[in-house]
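The values are calculated or read from the model by the stated rules, or taken from the named source; none is laboratory data. The shown structure was predicted, so the numbers you read here are calculated from the model rather than taken from an experiment. Reconstructed Cβ throughout: ideal geometry from the backbone, glycine too, with neighbour counts over all protein chains shown. Keep in mind that these areas ignore ligands, DNA and RNA; they rest on the heavy atoms of the full protein, side chains included. Shrake-Rupley method; radii C 1.70, N 1.55, O 1.52, S 1.80 Å.
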Amino acid sequence: MKLICIGRNYTDHIKELENERPTDPVIFMKPDTAVLLKKQPFFIPEFSQDVHHEVEILVKINKVGKYIDEKFAHKYYDEIGLGIDFTARDLQTKLKEKGLPWEKAKAFDGAAVVGDFIPKSEFENINNIQFHLENNKKIVQKGNTSLMLWKIDALIEYVSKYFTLKIGDIIFTGTPSGVAKVNPNDQLEGYIENKQLFSIKVK
Ligand code: ZN
């Protein structure tokens, strides 16, 4: 199982990190060892002083596919979820400056929260899903899939040109603005509409 992550997919987040607006989706991967085990706390790794939360809509692939046309992309998933792409921002900034890959900052153990999934059929329109992240009961990030630069089906088309999608693969679709540092004792709770899909303690 692989985690395929999209960067810079929301304009407001591109602005907050002063990144350039991409002409193609920005893609990186996390290995399966990055998935935070269920009911486990997230331990801030010793190599970072500035780990950020990035709440993201997840898409779970249910069929093997390659070169999937956007028109048919909806046949390759039937569940939508929510997760966190934890990012060691201090390390990522250094790697970006040197033009190096981001894996050390993004793909470390525990860096991917995969919350519960909801059947796609429960949504009227997957391109209009509200989601948010609370930290200690305060809303810190809020998004809607309508604001994605590349919508879910377009991402599947793009990603599957490069990588064969397999059953169980998960696409992290990018974060809206509001990314911020996590601290010990934070309690991170993710919601789609009013449904809680994960609750993570930071240590
Ligand atoms: Zn992200």
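Observations, loosely collected:
- Across region 56-105, the number of residues qualifying as under 13 Å from residue 172 (Cα atoms) and of a type in the set (A, V, I, L, M, F, W, C) comes to 8.
- Residue within region 138-148 that is under 19 Å from residue 60 (Cβ atoms), open to solvent by 10 Å² or more (accessible area, probe 1.4 Å), touching a helix residue (DSSP H, G or I) at 6+ places or on another chain (Cβ under 9 Å) and hydroxyl-bearing (Ser, Thr, Tyr) present: no
- Residue list for region 155-203, filter: in contact with a Ser or Thr (Cβ under 7 Å, 6 or more places away or on another chain) and under 13 Å from residue 58 (Cβ atoms): 155
- The residues in region 118-134 that are without any contact (Cβ under 8 Å) to a residue 60 or more places away in the chain and either open to solvent by less than 10 Å² (accessible area, probe 1.4 Å) or touching a Leu at 6+ places or on another chain (Cβ under 8 Å) (or both) can be counted, and the count is 1.
- Residues satisfying the stated conditions in region 70-112, i.e. of a type in the set (Asp, Glu), within 15 Å of the ligand (Cβ to nearest atom) and open to solvent by 10 Å² or more (accessible area, probe 1.4 Å): 103
- Reported count of residues in region 67-112, each being aromatic (Phe, Trp, Tyr) and without any contact (Cβ under 8 Å) to a residue 60 or more places away in the chain, is 1.
- Within region 135-152, residues that are closer than 16 Å to residue 82 by Cβ sit with their Cβ atoms under 6 Å from residues that are open to solvent by less than 10 Å² (accessible area, probe 1.4 Å) and assigned to a strand (DSSP E or B), at 6+ positions apart or across chains, in these pairs: 135/188; 140/133; 141/55; 141/133; 143/131; 145/57; 147/10; 152/59.
- Residue within region 115-130 that is touching a Pro at 6+ places or on another chain (Cβ under 9 Å) and in a strand (DSSP E or B) present: no
- Of the criteria (1) more than 13 Å from the ligand (Cβ to nearest atom); (2) of a type in the set (S, T, N, Q); (3) modelled with pLDDT under 95, which one residue 177 fails: (1)
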